[in-house]
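Enquirer: Once you've had a glance at the structure underneath, I'll fire off some questions.
The values are calculated or read from the model by the stated rules, or taken from the named source; none is laboratory data. A quick note: this is a predicted structure, and the numbers were derived from the prediction, not measured. Note: ideal-geometry Cβ built from the backbone for every residue, glycine included; neighbour counts use all protein chains shown.
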Amino acid sequence: MRIFDPHIHMTSRTTDDYEAMYAAGVRAVVEPAFWLGQPRTSPASFYDYFDGLLGWEPFRAAQYGIAHHCTIALNPKEANDPRCTPVLDQLSRYLVKDGVVAVGEIGYDSMTPAEDRALAAQLQLAADHELPALVHTPHRDKLAGLRRTLDVVAESALDPQWVLLDHLNETTVKEAKDAGCWLGFSVYPDTKMDEVRMVALLQTYGPEKVLVNSAADWGRSDPLKTRKVAEAMLAAGFSEADVDQVLWQNPVTFYGLSGRLVLDPPGKETGATHEGNSIRRGGE
């Protein structure tokens, strides 16, 4: 079984997670830029973070045979902080880099005017750079947030076929599907979705244009939730081809719109360590 986790925050995870993910069948991930929990106080901290997503995390993932890609953006929560919004003026220099397969996470947190402006501006950046967009739908007032998101997408230059609406659930999936967007579901302990609900939605709406992710981060989360969804699908009577479509082909197709996916397994690097340390230090 091959798995592509299309939304996971590996910056927050350990090398043990990479090992467990590889053993479970994960061979590729996309790590979206997001809020780190501690508010940033200047644009410079974003740039260091973006550099980590483009350099350190792909290197770290390669040690465990996993292809790492990322999305870059000013996240919705920090779009409300005037100390952070100058990042919008610098995004273009990151969006041209190899390994960046979408603009994201963008969207809504509290549905403020500042978030309206940041979402519209970043959808325009996606169109300008011919990249798809990963859109975070809010955790509160989900249906109202989805409808507001769809209005902004409709007013943008980006085709809905290039938009992935994430963190969907039973209240939002139909309108998202009717709008022609890709459908993202985060399977996460206690909140968002679980495996049983996810299988029920797949039985109702089918596997087309559906992406399932773990959204694993610094909270109570599980980077193996994608594998657990695959097992639940098989137990419910879905075919192996259905599982491959949802857990591999769909994320490959969506993020492949960027023209930047590199899915050849990087190969586990099991050679020399640095003074016994399990993470090599670059150089020769």
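Enquirer: Answer yes or no as to whether Thr172 is modelled with pLDDT of 95 or more, touching a helix residue (DSSP H, G or I) at 6+ places or on another chain (Cβ under 6 Å) and either loosely packed, with under 14 Cβ neighbours inside 10 Å or of a type in the set (S, T, N, Q) (or both).
Expert: Taking the combined requirement at face value, the residue satisfies it.
Enquirer: Given (1) modelled with pLDDT of 95 or more; (2) surrounded by fewer than 22 Cβ atoms within 10 Å (Cβ to Cβ), identify the lone condition not met by Met198.
Expert: The failed condition is (2).
Enquirer: I've got another one for you. Based on what the data block shows, is Cys84 under 20 Å from Arg13 (Cβ atoms) and modelled with pLDDT of 95 or more?
Expert: No; evaluated as a whole, the condition is false for this residue.
Enquirer: To continue, here is another question. Out of the helices (runs of 4 or more DSSP H) lying entirely within segment 65-170, which hold 3 or more residues that are more than 25 Å from Arg40 (Cβ to Cβ)?
Expert: 142-155
Enquirer: Residues that are surrounded by 19 or more Cβ atoms within 10 Å (Cβ to Cβ), under 16 Å from Val100 (Cα atoms) and at pLDDT 95 or above: does segment 150-162 have at least one?
Expert: Within segment 150-162, one or more residues are surrounded by 19 or more Cβ atoms within 10 Å (Cβ to Cβ), under 16 Å from Val100 (Cα atoms) and at pLDDT 95 or above.
Enquirer: Can you run down the residue pairs with Cβ atoms below 7 Å, 6 or more apart or on separate chains, where the first is in segment 48-60 and under 10 Å from Ala33 (Cα atoms) and the partner is part of a helix (DSSP H, G or I)?
Expert: Close Cβ pairs (under 7 Å, with a partner that is part of a helix (DSSP H, G or I)) amount to Phe50/Tyr94.
Enquirer: Would you pick out the residues in segment 208-251 that are of a type in the set (Lys, Arg), surrounded by 20 or more Cβ atoms within 10 Å (Cβ to Cβ) and not in a helix (DSSP H, G or I)?
Expert: Lys209
Enquirer: Right, next: If I filter segment 1-15 down to residues being at pLDDT below 95 and more than 12 Å from Glu31 (Cβ to Cβ), which single residue comes out as surrounded by the fewest Cβ atoms within 10 Å (Cβ to Cβ)?
Expert: The residue in question is Thr14.
Enquirer: Select from segment 1-44 the residues that are within 11 Å of Leu224 (Cα to Cα), part of a loop (DSSP other than H, G, I, E, B) and more than 16 Å from the chain's Cα centre (by Cα) and list them in ascending order.
Expert: Hit for segment 1-44 is Gly25, nothing else.
Enquirer: Turning to a different aspect of this structure: Mind listing just one residue for me: the one in segment 187-205 that is assigned to a loop (DSSP other than H, G, I, E, B) and touching a Ser or Thr at 6+ places or on another chain (Cβ under 9 Å) and, of those, farthest from Thr226 (Cα to Cα)?
Expert: Restricting to residues being assigned to a loop (DSSP other than H, G, I, E, B) and touching a Ser or Thr at 6+ places or on another chain (Cβ under 9 Å), the top hit is Lys192.
Enquirer: What pairs come up if the first residue lies in segment 221-235 and is over 13 Å from Leu202 (Cβ atoms) and in contact (Cβ under 8 Å) with a residue 40 or more places away in the chain, the second is basic (Lys, Arg) and not in a helix (DSSP H, G or I), and their beta carbons are under 8 Å apart, counting only those six or more places apart or on different chains?
Expert: Listed pairs, sorted by first residue: Pro223/Arg13.
Enquirer: Which of the residues that make up segment 1-43 are β-branched (Val, Ile, Thr), under 20 Å from Pro251 (Cβ atoms) and touching a Phe, Trp or Tyr at 6+ places or on another chain (Cβ under 9 Å)?
Expert: Selection gives Ile3, Thr11, Val26, Val29, Val30.
Enquirer: Continuing with the same structure: Restricting to segment 16-47, what's the tally of residues that are at pLDDT below 95 and among the basic types (Lys, Arg)?
Expert: Count: 1.
Enquirer: Next question, about the same structure. What residue, among those in segment 175-186 that are in contact (Cβ under 8 Å) with a residue 12 or more places away in the chain and in a helix (DSSP H, G or I), is surrounded by the most Cβ atoms within 10 Å (Cβ to Cβ)?
Expert: Only one residue fits best here, namely Ala176.
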